[in-house]
Amino acid sequence: MKPILDIQNLTKSFGSLVLFHNISFSIGEGQRVGLIAKNGTGKSTLLSVLTGKEGYDSGSIIYRNDLRVAMLEQTPAFDPEESVLDACFNRRSSESHLARKNGRDATEFDEINHKGEPERVLRAKQILTQLHIKDLSQPMGQLSGGQQKRVALANVLITEPDFLILDEPTNHLDLEMIEWLEGFLSRGNKTLLMVTHDRFFLDRVCNLILELDDQTIYTYRGNYSYYLEKRQERIDNKRAEIARANNLYRTELEWMRRMPQARGNKAKYREDAFYELERVARQRIEERQVRLKASNVYIGSKIFECQYVSKSFSKDAPNAHPLHAETGTSPSTVILKDFYYNFARFEKMGIVGSNGTGKSTFVKLLLGEIQPDSGRFDIGETVRFGYFSQEGLKFRDNQKVIDVVREIADYIDIGSGRHLSASQFLQHFLFTPEQQHNYVYKLSGGERRKLYLCTVLMRNPNFLVLDEPTNDLDIQTLQILEEYLQDFPGCVIVVSHDRYFMDKVVDHLLVFKGQGVIKDFPGNYTQYRQWEALASKEEQEKKNGKSGKNRIAGNSGEGGTSRKPGEPEKPEKTEPTRKRKMSYKEKREFEQLESDIATLEAEQKAIEEALCSGTLSIDELTEKSIRLPKLKEELDEKSMRWLELSEIGA
């Protein structure tokens, strides 16, 4: 099968900064591709180049003829006067760029008229409901940035393009929405290319990973777990290659240092090979030798006590509208209701819940930015908060990166008599010495967030409050932050939709259910979901058992059995239940199902192992990627029928 997109020898630079050089890769139909790279190395730029929004220096980008492409941008723009529904069908995006680039009529892509198309409108409503956007007539200008991003996501999903390009699709989605989107993108034969930091999402959706590193593309034919394994193999092999080159380089250097006359008659190829050897020997594998540990942190035994705090917002409250727009809450929304909690020393808590349930408001109440309606927060005298907010610190564009951090401190005390300079601290968070002397205006969005994180940690707090810290940070920075928080000797509160990050960092959850209902759960997010699934199953079984008894009793009429006033209720007579046996036909079907299920499970295991092997061709990978979801559906159907028959019994 021919690829739907073929990239050959693509190069892009900004002045002297080369983002990628002579990169080549292909994407075939049905492939779900994740693009991974450090902040500032060109992920979003590459997506813009592929959709024709930015030019490139050299190379070729070849799309299959008549391919319909839709792109979700990191920061979408809408007409503030148009309604949510109109915005969902407005296609002033990547397709028009691609159309103009390929010489086709661009106007056919600019807008899709939904008038008189009830099926399209119904589909739009269904997707918007899943994304918690309910007022379809609301002007876009009244929506928060996160809500606009969700409308933009609905925009690209509704029209079912041949190829989806998604830039950070999980940003501004709560956990429920992310899990819905996982299922949506995994079903069928969708082809997509996406940039995301959400490692659970990458693992469950993608079947091919592209890594942009050192101006080069590396391809891994599997999901995120497979990528981690093979990337480490690649780094180990590269490290061994550099070590061998260094050993040989020392020998060849002696030869090159001899008098020109001594090597005048030597083969020219050996001299040329020396310079190539020198290039390899001078390569560096970027790695951190030690974990950064902030051991010089003290916090007393008293942290904070949330003493029966209540908070709600009504339509008559001051500043009600901006808050509702930002959080998605509606008038008369209850955030906390007589809530009590005593925070323990060294506790690492995660806060989760749907958008608009009050997670960020709770944090602002704790920090004193918002006052409660009743109750109070009693905070210990030794507590020093470090707050990483969604809005972020505003930097001066004409400042250099190193100067931003030096304004806080030249050195950070990490305990045991050890200090890190501002430059060393930045380097630990992947700011190279060259990047440290760049001006702030040159930083990407992710690099600005990373710099903001450094300014929070440099102040040496003993209680970190992190509100959506994973948004726009690259995976390498997230790994560094995870290690830092795991070793952090103070207290931590994390508000995040990143399940992988939460599992790594927190040991306790507050689950905001909405309208002041908060579940206190001792464990991480995965453990909570497992508990929730088990509790839901038990509740369903309980309901089924109760309804079964009611059916057996068989009371006639809604009021039950009739009797005279004061007459004692007589026990109801019930016929003994007789378990029906399987018919001959059902027995044969049951036996066949057992055989079919075993065969399907074996095929599923073989396909999953093949997809993770990295040895499949594009055609084989596409074929198996198409087969796997169909196989799972067939397996589910047969398993359900097997359960139905097993209830009857032999």
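Annotations for the structure displayed:
- Within the range 614-641, considering residues that are among the polar types (S, T, N, Q) and either touching a Lys or Arg at 6+ places or on another chain (Cβ under 7 Å) or within 27 Å of S595 (Cα to Cα) (or both), the one modelled with the lowest pLDDT: S625
- Among residues of the range 23-74, those that are without any contact (Cβ under 8 Å) to a residue 60 or more places away in the chain and either over 16 Å from P3 (Cα atoms) or of a type in the set (D, E, K, R) (or both), counted: 12
- Comparison of L366, L430, L426 shows that the only residue that is free of Cβ contacts under 8 Å to residues at least 40 places away in the same chain and either open to solvent by less than 40 Å² (accessible area, probe 1.4 Å) or of a type outside the set (F, W, Y) (or both) is L426.
- The residue that is modelled with the lowest pLDDT, among those in the range 378-407 that are in contact with a helix residue (DSSP H, G or I) (Cβ under 6 Å, 6 or more places away or on another chain) and aromatic (F, W, Y), is F395.
- Residue among D498, D487, D467, D472 that is more than 22 Å from T526 (Cα to Cα) and among the acidic types (D, E): D472
- For the range 411-423, taking the residues that are on the phi > 0 side of the Ramachandran plot and in contact (Cβ under 8 Å) with a residue 40 or more places away in the chain, the one that is surrounded by the fewest Cβ atoms within 10 Å (Cβ to Cβ) is identified as S416.
- Subset tally (residues that are surrounded by 17 or more Cβ atoms within 10 Å (Cβ to Cβ) and closer than 10 Å to S310 by Cα) for the range 369-383: 2
- If you filter the range 301-349 down to residues that are modelled with pLDDT of 75 or more, of a type in the set (D, E, K, R) and assigned to a loop (DSSP other than H, G, I, E, B), you find that the one that is surrounded by the fewest Cβ atoms within 10 Å (Cβ to Cβ) is R345.
- Of all residues in the range 9-51 being open to solvent by less than 50 Å² (accessible area, probe 1.4 Å), modelled with pLDDT under 90 and among the small types (G, A, S), the one that is farthest from Y220 (Cα to Cα): G40
- E391, sole failed condition from (1) out of contact with any His (no Cβ under 9 Å at 6 or more places or on another chain); (2) open to solvent by less than 40 Å² (accessible area, probe 1.4 Å): (2)
- Restricting the range 56-78 to residues that are charged (D, E, K, R) and more than 18 Å from K149 (Cα to Cα), the residue that is most open to solvent (accessible area, probe 1.4 Å): D66
- Subset of the range 183-202 [part of a helix (DSSP H, G or I) and under 10 Å from the mean Cα position of the chain (by Cα)]: R199, F200, F201, L202
- Odd one out for G445 among (1) modelled with pLDDT under 90; (2) in contact with a Ser or Thr (Cβ under 6 Å, 6 or more places away or on another chain): (2)
- Taken as a whole, the condition of being outside any loop (DSSP other than H, G, I, E, B), touching a Lys or Arg at 6+ places or on another chain (Cβ under 8 Å) and in contact (Cβ under 8 Å) with a residue 12 or more places away in the chain does not apply to I408.
- Number of residues in the range 156-176 that are touching a residue at least 60 places away in the same chain (Cβ under 8 Å), assigned to a helix (DSSP H, G or I) and either out of contact with any strand residue (DSSP E or B) (no Cβ under 8 Å at 6 or more places or on another chain) or buried (at least 23 other Cβ atoms within 10 Å of the Cβ) (or both) equals 3.
- Positions within the range 218-246 being within 30 Å of L157 (Cα to Cα), surrounded by fewer than 19 Cβ atoms within 10 Å (Cβ to Cβ) and not aromatic (F, W, Y), in sequence order: T219, S225, L228
- Those residues of the range 79-122 which are open to solvent by less than 60 Å² (accessible area, probe 1.4 Å), at pLDDT below 90 and assigned to a loop (DSSP other than H, G, I, E, B), in sequence order: F89, R91, S93, A106, I112, H114
- Cβ separations smaller than 9 Å between residues 6+ apart or across chains give the following pairs from the range 212-237 residues that are under 18 Å from M194 (Cβ atoms) and in a helix (DSSP H, G or I) to residues that are of a type in the set (A, V, I, L, M, F, W, C) and open to solvent by 50 Å² or more (accessible area, probe 1.4 Å): S225/C612; Y226/C612.
- R258 vs. criteria open to solvent by 40 Å² or more (accessible area, probe 1.4 Å) and at pLDDT below 90: yes
- Residue tally, condition touching a helix residue (DSSP H, G or I) at 6+ places or on another chain (Cβ under 8 Å) and more than 20 Å from S44 (Cα to Cα), over the range 162-177: 2
- Among the criteria (1) under 16 Å from L166 (Cβ atoms); (2) in contact with a helix residue (DSSP H, G or I) (Cβ under 7 Å, 6 or more places away or on another chain), the one E29 does not fulfil is (1).
The values are calculated or read from the model by the stated rules, or taken from the named source; none is laboratory data. From a predicted model like this one, the values you see are computed outputs, not experimental measurements. Don't worry about glycine lacking a Cβ; one is built from the backbone with ideal geometry, like all the others, and counts go over all protein chains shown. Quick note on the areas: whole protein, heavy atoms, side chains included, nothing else; ligands and nucleic acids left out. Shrake-Rupley method; radii C 1.70, N 1.55, O 1.52, S 1.80 Å.
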